[in-house]
Amino acid sequence: MAAITTATPSPLHTFKYKRRLIFNRIFALLYTFSLLSLFYHHIQNLLFFFPKSPPFFISISILIADLILTFMWFTTQSFRICPSIRQVFPENLQNFLENKNFPAIDIFICTADPYKEPPIGVVNTALSVMAYDYPTDKISVYVSDDGGSEITLFGLMEAAKFARIWLPFCRKNNVVDRCPHVYFRSNYCSNGEIEKIKVMYEKMRMRIDSVLEKGKVIEEYITNEEERQAFSKWAQLGFTPQQHPSVIQVLLEKGKDKDIEGHSMPNLLYVSREKNRASSHHFKAGALNALLRVSAIMTNAPIILTQDCDMFSNDPLTPQRMLCLLQQDPSILSKLGYIQFPQRFGGTNKGDIYASEFKKLYIIDPMGMDGLKGGGPYYVGSGCFFMRRVFFGGPSNFLQPEIAELSPYFAVNKSVKCEDVLELAHQVAACNFEEQSNWGSKLGFRYGSLSEDLHTGYLLQCDGWQSIFCHPQRPAFLADVPITLNAVLIQNTRWSVGQLEVGFSKHSPMTFGIKKIGLLMALCNSHYSFWPIWFIPITIYSCIPQLALLNNISIFPKVGDPWLFLYVFLFLGAYGQDCADFILENGTFERWWNDQRMWLIRGLSSYMFGSIEFFIKRLGISQKGFTVTSKLLDDDEQSKRYDQGVFEFGDSSPMFITISVAAIVNLLAFIFGFLEILRSGNWDEIFLQMFISGFGVLNSLPIYEAVFFRADKGRMPTKTTFISSFLAGGLYAASSSLLKI
Ligand SMILES: O=c1ccn([C@@H]2O[C@H](COP(=O)(O)OP(=O)(O)O[C@H]3O[C@H](CO)[C@@H](O)[C@H](O)[C@H]3O)[C@@H](O)[C@H]2O)c(=O)[nH]1
Ligand SMILES: [Mn+2]
C-alpha cells in the first residue's frame, strides 16, 4: 500500500489534538496540588487528634475513600492529556485504491441464545453488513451460534433468500439504512416495489417468529433437501445447546449464488462450534476463536470485523472508512492491530435514564487513548476491524498456529463448499482442538476474563500492537439498550467481575502493563480494570457523613474554615470537568445528570456485587459464567415506562436493597440535619454533611418515587422496601453504638 500522509491535497484522513488539551493539563496540575493539600489535612487530623477531630473510624474510612478517588482521578488524567479527533474522507478513496484491490473482510457475528437474542435481530444485523458498500465477493459473514439453535439457522436461511432481493435494492436506490427493520420503520418514499419488498420482509419476520414460538422448525417451512439435511442434525440423539457436534452450514457462496440481478452474493455461513459439558467453552472469546479458525480454513480474509448480534450496521460506508485509515505510513501500518468504532445506541430515551450510552467508556476515553503515542483505544467487543495477523503474536514475533491452514499467510483457493474444506472446518471447531494449545493465551482472543474485550485489546497492546479510534458523525453501528434497571445492573455486574479479572491477573496493567505499554497507556487500562473499586468511596460517602450527621457529629471543616474551600474546589472541579467533557461531546445537561446518578447507583450495586462476586470466584467458591443480556423489548408496559423516563424496579433484586438503604439513610440524615438547624440555628458545622446528604437525596428522587408514590408494576417491590428500611435502621443503630464507645 502506498504511503500517504495527511498533508496530501485530498486526504483520506486527518488527525488533530483537541484544544482542551492545554486546559486539561493546567487543571490537572492545580488539582494535584489540591489533592496533596487534602492528604496533608487528613494526616493532620489522624495524627494530631485535634479536640474536634472526628472519631478515628470515620477519619480512616474517609481517608480510604479519598485515596481510592484519587487513584481513579489519577488514572483518568491519562485520557485527558492528549484527547484527539480523527476524520476520514471515504469520498477520496477511489483516488488511492480501486475497488478490485480492496482487501477481503471476514465478518463475525456472535449470538448465544435465541430467546434472549431474537433471531430476527440476528438476521437484521447479518443483512445490514452483507449490504455494505463494498465488493460483495470480498465479504464473508460468519454467524456464531453459541445457542446451538435450529431456529437461528432457520432465520439465517430466510435471510439468505431475502438478501437476494434486499442487496440489489439497497445498491440501486442508494439506501442508507441497510438494516431492513430500521429502513421499514423510517420515512422512506414509498412505491410499489418497496411495498412488495416490505411485505416479503414482514412475511419472513412472521415465519421466523412463529418458528421461535413453536421452538422448532416445522415441516412446511423446509423448502429443499439441503435444508432438511441441515435440520436433521438437531434430530440426533441428545442434541442440546450444551452438548452437540459442530454444525457448519454454508448458506450463500460467493461467485456461485447470485442476487436477482445476477450479481454475486457475499458468503454467508452458520457456525455452531462443538459443545460438551466436560470442556470449558470460554464464552464469547471461545466462540470468536472457533470462528477465527473456521474462517481461516474457509476464506482467511486479512481483515476481521467482530460484531454482537444486536449491533447492526448503520452506515454502508463503514468498511471504506476503515480502509481510509489503513492507508498509512508502512512504519505505522506494520504495528496497526485494530480499528475500533464506538458502540452507540439508538433506543435510549430522551434523558438516557440508565446512562446506557456510556459516553465516557465508548467515546470520550477512547478519543483520549487515540492521542497517546504508540497507544490507541481498547477493544470494546463489537464494531472493531482487526488485522488477522494480530491473533498470532506480536508485530515482530509471529507465532505459528498448529496447522499451516490456520496461518494468516495461508492462501485459500478452494470453494467454501469443498468437502475437505468443510471437514477441516468442522475439526477446528471441535472442543478438543484447543486442548494443550496456545489458543486463548497467546493466540486469538484471550481467556480468563468475562470482559474478554478489555482483556484481549489490552494484551494485544502488550504484544506491541497499536490501535486507532474512528468516530464518524453518523454512527457506524447502533444497538438497542436494556430497558430495565435490573438488566442494566446485571450486565454491569458481569463487566465488573471481568474487569477485576484483568486488574488482578498476572498481567495486571499496574505491574506487567506499565513495563509493556508505558505509564499512560497502563493507567488507561488500569482505570477500566479497577473500575468496580469505585464502589468503596461511593459507599463510604453515601453512608458515613450521613450517619455521623444523624449522631450529631461534625466531620468536615465548618463554614469559614479555609479548608472548606478545598473540599468545594475538589468537588466542583471533578464534577465540573466531567460535565464539561460530557456536554462538549454532544451531550445534554440532563443526560449528564443521569449519567452521574447511574454512576452512584452502579457504585452501590453492580460494582459492589461484582467485586464481591469476583472475590468469591477467586476463592473458588462459585463459578458463575456469562449471563447474556436480554434484548427482548416486547413488554409494552415496560417500554412505555422507559420511554417516559420512569425507572423500572419491577423484578426484585438484591441490588435494589443497597441502593434503597443509601436512599433512606440520606433522606433521614437530611431531614434530621434540617430539624437540627431549625432547633439550634447552628448550620456552619454541618454544612458539608448537609450538602452531601442533600445531593444524595436529589439523586435518589426516582427511588423515593418508586417506594412511596407509584402504583404501577415497575414500583419498588414492597419486600425490598421493607428489608431496606430494616437495614437502614440497623445501620443507624450500629453507628450510634459504635460512636458512643
Ligand atoms: O457464551 C457466550 C456469551 C455471549 N456471547 C455473545 O457475546 C455478545 C455480548 O453479549 P451481551 O449479553 O450482549 O453482553 P453485553 O454486556 O451487552 O456486551 C458487552 O460486553 C461484552 C463483554 O462482557 C462484550 O463482549 C460485548 O461486545 C459488549 O457489547 C453477544 O453477541 C452474545 O451473543 C457468545 O457468543 N457466547
Ligand atoms: Mn450487548
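A compact table of results
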| quantity | calculated |
| --- | --- |
| Accessible-area value, Asp113, 1.4 Å probe, nucleic acids and ligands omitted, Å² | 40 Å² |
| Per-q log10 I(q)/I(0), the chain, q = 0.06, 0.07, 0.10, 0.12 Å⁻¹ (Debye; single scatterer per alpha-carbon; no solvent) | -0.39, -0.53, -1.04, -1.42 |
| Accessible area, probe 1.4 Å, largest first, for residues Ile686, Ile332 | Ile332, Ile686 |
| Table column - 3J(HN,Hα) (Hz), segment 531-546, Karplus curve with 6.51, -1.76, 1.60, x for Gly and Pro | 2, x, 5, 3, 4, 5, x, 5, 5, 4, 6, 9, 10, 4, x, 6 |
| Listed residues Glu193, Glu585 arranged by accessible area, highest first, probe 1.4 Å | Glu193, Glu585 |
| FRET efficiency for Ser280 and Glu423, using Cβ-Cβ distance with R0 set to 30 Å, rounded to 0.05 | 0.75 |
| Length added when fully stretched, Lys198-Trp599, from 0.36 nm per residue minus Cα-Cα | 140.2 nm |
| 25 Å Cα-Cα threshold exceeded, pairs from Lys138/Lys414; Lys233/Lys417; Lys359/Lys558; Lys275/Lys617 | Lys359/Lys558 |
| Projected label distance in nm at Ser680 and Val176, using a 7 Å step from Cα toward the beta-carbon | 6.3 nm |
| Rg [Å, one decimal], Dmax [Å, integer] - segment 378-454, C-alpha atoms | 14.1, 39 |
| Pairwise centroid distance, computed over Cα atoms, of segment 224-295 with segment 540-600, Å | 52 Å |
| Heavy-atom accessible surface of the chain: percent carbon and sulfur, 1.4 Å | 61 percent |
| Fully extended contour minus Cα-Cα distance, from Asp133 to Lys16, at 0.36 nm per residue | 39.3 nm |
| In degrees, nearest ten, helix 119-130 long axis to first principal axis of the chain (Cα) | 70 degrees |
| Separation between Cα centres of segment 73-134 and segment 516-538, rounded to whole Å | 26 Å |
| Overall form of segment 320-425 per C-alpha gyration tensor (a/c, 1.5; a/b vs b/c) | oblate |
| Using θ = phi - 60° and Karplus 6.51 cos²θ - 1.76 cosθ + 1.60, couplings along segment 273-285 (whole Hz; Gly, Pro as x) | 5, 4, 10, 8, 5, 6, 9, 8, 10, 6, 6, 5, 4 |
| Paramagnetic reach from Ser53 (point 7 Å along Cα→Cβ, amide N under 15 Å) across segment 61-101 | 61-64 |
| Solvent accessible area, Å² - Glu158, 1.4 Å probe, full protein context | 10 Å² |
| Cross-link partners of Lys203 among lysines (Cα-Cα below 18 Å; sequence separation of 8 or more within a chain) | Lys161, Lys214, Lys216 |
| Theoretical FRET efficiency, 1/(1+(r/R0)^6), r = Cβ-Cβ of Leu29 and Ala411, R0 41 Å, to 0.05 | 0.15 |
| Candidate aspartates and glutamates for bridging to Lys640, where Cα separation is under 13 Å - those fewer than 8 sequence places away on the same chain excluded | Glu648, Asp712 |
| Eligible lysines near Lys360 by straight Cα distance, threshold 17 Å, same-chain separation 8 or greater | Lys18 |
| Estimated FRET transfer efficiency when R0 is 30 angstrom, pair Lys350-Phe709 (beta carbons, to 0.05) | 0.90 |
| Segment 591-741: C-alpha gyration tensor shape, a/c 1.5 cut-off, then a/b vs b/c | oblate |
| Label-point separation, Gln243 to Asp561 (7 Å along Cα→Cβ), nm | 6.7 nm |
| Distance between segment 418-494 and segment 707-741 - C-alpha centres, whole angstrom | 41 Å |
| For segment 127-257, accessible area per residue (1.4 Å probe, heavy atoms of protein chains only), Å² | 45 Å² |
| In Å², nearest 10: area of Thr223 left accessible to a 1.4 Å probe | 90 Å² |
| Segment 455-540 shape via C-alpha gyration tensor axes, a/c threshold 1.5 | oblate |
| Ordering of 270-281, 353-364 by burial proxy (mean other Cβ atoms within 10 Å per residue, highest first) | 353-364, 270-281 |
| Using alpha-carbon coordinates, inclination of helix 589-604 to the longest axis of the chain, degrees | 80 degrees |
| Ellipticity estimate at 222 nm from DSSP helix runs (n ≥ 4, -39,500 (n - 2.57)) divided over the chain, nearest 500 | -15500 deg cm²/dmol |
| Accessible-area order (highest first, 1.4 angstrom probe) of the listed residues Lys617, Lys254, Lys350 | Lys350, Lys254, Lys617 |
| Folded to 0 to 90 degrees: helix 192-214 orientation relative to the chain principal axis, Cα | 70 degrees |
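The values are calculated or read from the model by the stated rules, or taken from the named source; none is laboratory data. Computed from a prediction, not measured in an experiment: that's the story for all the values here. As a convention, Cβ positions derive from the backbone with ideal geometry for all residues, glycine included, and neighbour counts pool all protein chains shown. Side chains included, ligands, DNA and RNA excluded: accessible areas come from the protein's heavy atoms. Shrake-Rupley method; radii C 1.70, N 1.55, O 1.52, S 1.80 Å.
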